[in-house]
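Read the figures in this text as sums done on the coordinates, not as results from a lab. All figures in this text were calculated on a predicted structure; none of them were measured in a lab. Cβ placement follows ideal geometry from the backbone for every residue including glycine, while neighbour counts extend to all protein chains displayed.
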Amino acid sequence: MFKNLISISLLALLTLQCSSKQEPENTKTGEAVGAMPEFDQTTWASRKYSLFIHWGLYSIPGGIWKGKQIEKGYSEQIQAHANIPSDEYAQLATQFNPTGWDPERIVQLAKDAGMQSIVLTAKHHDGFCMFASDQTDFDVVDATPYGQDVVKGLAEACARGGLKFGLYYSLIDWHHPDGSPISPSNSDPISAGLHAYNLAQVRELLSNYGPIDQLWFDMGAPTPEQSNEYRDLVKSLQPECQISSRVWNQDGDFYVMGDNQYPEVSIDAPWQVPASMFDDTWGYRSWQKRGDPVSKAADKLHSLVRVAGSGGVFLLNIGPDGNGSVVPYEVQVLRKIGNWIRQNGLSIFDAQPTSFGVRTWGAVTKSNEPGKLYVTVLENPQDGFISLYGLQNQILRAYPMHDPSNELPVAKQGKNITINVGSVQPDSLNTSVVIVEYSGDLDFFPLRTILPKAETYTMNLKNAKSYKAYVGDKYQSITEVNDRLQWFLQSTKSGNYAVRLSYTNEEVGRGITLRVGDQTFPLSLEKSEPEEIPAPSGIAFGNFLLAEPIYRDASFSTIHGVLYNLAYSRPWGYDGSRTFREVPEWEQGTPYDLQLPDVGSQYVGFSMFSPTDQIMMTTITADDGVAFWVGGEKLLEKFNPAPSKTYLVEVPLEQGNNQMMFKFYNSKGNSEVTIQHDVVAARYHTTAGNVNLQEGKIVPVEIRAGSAQTDLGFVNFKLEIVPVENL
Ligand code: GLC
């Protein structure tokens, strides 16, 4: 222990020296160049870049307990991962005297980094409060030699420095007598006693520290009523304060992605990515291998560009040490990004996302100044060309932001515009911003349009653009729900068309709003005269194969290997580390217990032979989550944390072998699954009404769920627009 203390204070000294250099360094000359860009910051979402600070008692051990590196889990949760008895952990408070903590300097660092706000951990899972609370003595004022209200100090410094200020607040509490014991999921119910305590503290936080920009609730599994009470209390005290979705039960104002997780879908509502310098920890970890700050700065900057370019907010974390000093490496990373922002930041902050969104090579935003696009190139394309497919405007000029004299060659071919960026040198963070000037109002031809086949336009889940929301009642059950589908059709013939819907029992009973052009049809999908789909004929099964369970994998967007050509005992997975074993006793239609651990997932697959091309209706019963692919194409992805549910899926079988692949997820408890293929099912058809289409016109078509943030629940849905005379 003594040894630890020495090394901590030595480090603190070093840190102090380093962080006293205030001026950001220019990537080439070492000097700050230019001012931070100015822009309208009125809304929460317009402030795209914030500093997250994880700082508390856990920063003192900094990932080491009794001389041992604690490698399991995040270091801010060392109490759990090193099995530290509560009383012993609480003793850390007597050592908390962070002479290196300087709120002014923290604010300056955030400003140098180009950030607009700071979010500080007011109370983490350990229950220690970084503010003066009347609800407990386990707070920084009562329990530490430091004796100062950290939240107050930083709130005031932010106000003086013109930064917004937000607070992180953990709903679980390992110190509170009514709190649930430490558990691996951190998602335990909130007892009545703890709930009352949390409410009283939220009241303190929103009453004593001036305007709180965001309240970042985290973890626990509150009931819908409890989530509601947190929300109501916050809004009654500070209506402007934005609430994180980790208050659960759809009571937040903005979606928080999973830790270091980036969305792969379009989101209509405000959202945020919490990112740490290293995925393994948020709190200070003294033994973290850090590497090169320049590549880290490039990495985090690229994330910021991608997040902001698709409309999100980036919350980048630092973990000061037990003495309150910011790790020099983190200072360097932030300042390097800040320096980039001084020179190029308008492309992020004075700009809006475009329908180009984010591409593999970078992001395209639209300047608030008319007639200007920012094209931020993060990965220089090998052939030097980037393409802006569908941009209809006349392009006036394209040039690197910092070298307007270098006019870049622009070519238009059909609906595609290409710009040769080959002559543009990426900067030290491997980035370059190109400005594209155009005339008129920005006009895009939709990326994908539906053209008719035999005069009929067919729209389904596969050819739709899906918008998603993330919902859930706790961290492990965060799920993407699909609340909006969108298509564009390009009509090739003027005339009257019927809008027809076709669906199965999977969709029956859903309320939706359908829009075709400017016509709206509110609908409820009811049963009609059924069209019978028979059981498949002549199918034969290959071996039923099972991969090893994967612990703590709750995502269907992560796929661990290719989704075809599975074979018994052949290495599988992107790193070849997984294999499948055969389960001879498996039988279709009979429940099979995967015996998955809680918070675990498992891949299951087999091949199926079909003598002809045919439609097969399959049912899958699982409790917490299932994804299903055939021939590598995803047909189903559902998350339904208990109880068990049966999904009906239409499978287009091809003649020959078809690779069936499933991923089952178990959040808790039972992991029994049933797959059945000899199913007879029905399809229903209804006509919503008629629309008039004009030749050559692009018509947007959209379906929204009856209420926002609710899954449309579509699996086998189809929409057809058919000329009336063909009926
Ligand atoms: C998780 C962790 C917590 C961390 C947070 C940051 O909820 O439990 O330790 O503070 O993520 O996003």
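Computed on the Cα atoms alone, the convex hull of the stretch 540-679 gives a volume of 94 cubic angstrom per residue. When the Cα centres of the stretch 282-332 and the stretch 580-640 are compared, how far apart do they sit, in Å? The distance from the Cα centre of the stretch 282-332 to that of the stretch 580-640 comes to 40 Å.
Exceedance of the 27 Å cut-off in Cα-Cα distance is limited, within the set Lys412/Lys697; Lys68/Lys668; Lys468/Lys668; Lys72/Lys123; Lys462/Lys645, to Lys68/Lys668.
In a simple Cβ point-charge model (Lys, Arg +1; Asp, Glu -1; nothing else charged), the stretch 540-679 has a dipole of about 300 debye relative to its Cα centre. Values of log10 I(q)/I(0) for the stretch 420-510 across q = 0.13 Å⁻¹ run -0.83, by the Debye formula with one identical scatterer at each alpha carbon and no solvent. What distance in nm separates the two pseudo spin-label positions at Asn692 and Val583, each 7 Å out from Cα along the beta-carbon direction? My value for the distance between the label points is 5.8 nm. Under 17 Å from a label point 7 Å along Cα→Cβ of Val724: give me every residue in the stretch 675-709 with its amide N that close. Only 687-695 pass the distance filter.
Counting other Cβ atoms within 10 Å of each Cβ, which trypsin sites (Lys or Arg not before Pro) in the stretch 54-134 have at most 15 and sit in a DSSP loop?
Details: sites: Lys66, Lys68, Lys72, Arg105, Lys111, Lys123; in loops: Lys66, Lys72.
Passing both the DSSP loop test and the Cβ count: Lys66, Lys72.
Entry for the stretch 315-464 at q = 0.13, 0.14 Å⁻¹: log10 I(q)/I(0) = -0.69, -0.77, Debye formula applied to identical alpha-carbon scatterers, no solvent contribution.
Out of the chymotrypsin sites (Phe, Trp or Tyr not before Pro) in the stretch 562-663, which ones are loop residues according to DSSP with at most 13 other C-beta atoms within 10 Å?
On the way: sites: Tyr564, Tyr568, Trp572, Tyr574, Phe580, Trp586, Tyr592, Tyr603, Phe606, Phe609, Phe628, Trp629, Phe639, Tyr647, Phe662; in loops: Tyr564, Tyr568, Tyr574, Trp586.
When the chymotrypsin sites (Phe, Trp or Tyr not before Pro) of the stretch 562-663 are filtered for loop state and at most 13 Cβ neighbours within 10 Å, Tyr568, Tyr574 remain.
Residues whose amide H lies under 5 Å from that of Gly357, counting only those 5 or more places away or on a different chain, are Val364; hydrogens are built 1.01 Å from N in the peptide plane.
In this structure, the amide hydrogen of Gly390, modeled 1.01 Å from its nitrogen in the peptide plane, lies closer than 5 angstrom to those of Asn416, Ile417, counting only residues at least 5 positions away or on a different chain.
Length gain on complete extension for the stretch Asp232 to Val680, per 0.36 nm per residue less the alpha carbon to alpha carbon distance?
Numbers: separation 448, 0.36 × 448 = 161.28 nm, distance 4.88 nm.
Once the chain is fully extended between Asp232 and Val680, it gains 156.4 nm.
Available extension along the chain between Trp287 and Thr223 is 19.2 nm, counting 0.36 nm per residue and deducting the alpha carbon span.
How large is the direction-averaged shadow of the alpha-carbon convex hull of the stretch 34-168, in nm²? Please report the intermediate quantities before stating the final value.
Numbers: hull surface 39.0 nm².
Computed as one quarter of the Cα hull surface, the answer is 9.7 nm².
Between amide H atoms placed 1.01 Å from N, distances below 5 Å from Ala682 occur with Asn505, Ile533, all of them 5 or more places distant or on a separate chain.
Hand me the chymotrypsin sites (Phe, Trp or Tyr not before Pro) from the stretch 665-715 located in a DSSP loop with no more than 16 other Cβ atoms within 10 Å, in residue order please. Please list the in-between numbers first.
On the way: sites: Tyr665, Tyr684, Phe714; in loops: Phe714.
Passing sites in the stretch 665-715 do not exist.
For the chain, the longest principal axis of the alpha carbon atoms and the long axis of helix 2-19 meet at an angle near 80°. Taking each residue as 0.36 nm, the span from Thr99 to Asn260 lengthens on full extension beyond its C-alpha to C-alpha distance by 54.9 nm.
Provide, for q = 0.15, 0.16, 0.19 Å⁻¹, the log10 of I(q)/I(0) from a solvent-free Debye sum over equal Cα point scatterers in the stretch 351-438. Taking Cα atoms of the stretch 351-438 as identical point scatterers yields -0.49, -0.56, -0.81. Each semi-axis of the equivalent ellipsoid for the stretch 135-252 is √(5λ) with λ an eigenvalue of the Cα gyration tensor; in descending order they amount to 23, 19, 12 Å.
Roughly speaking, what % of Cα-Cα pairs in the stretch 466-572 are separated by over 17 Å, rounded to a whole number?
76
Averaging over every viewing direction, what projected area does the convex hull of the Cα atoms of the chain cover, in nm²?
Values: hull surface 134.4 nm².
Average of the hull's projected areas for the chain equals 33.6 nm².
Per-residue 3J(HN,Hα) values for the stretch 427-436, derived from phi via the Karplus relation 6.51 cos²θ - 1.76 cosθ + 1.60 with θ = phi - 60°, read 7, 5, 9, 6, 9, 8, 10, 10, 9, 10 Hz in sequence order (x marks Gly and Pro).
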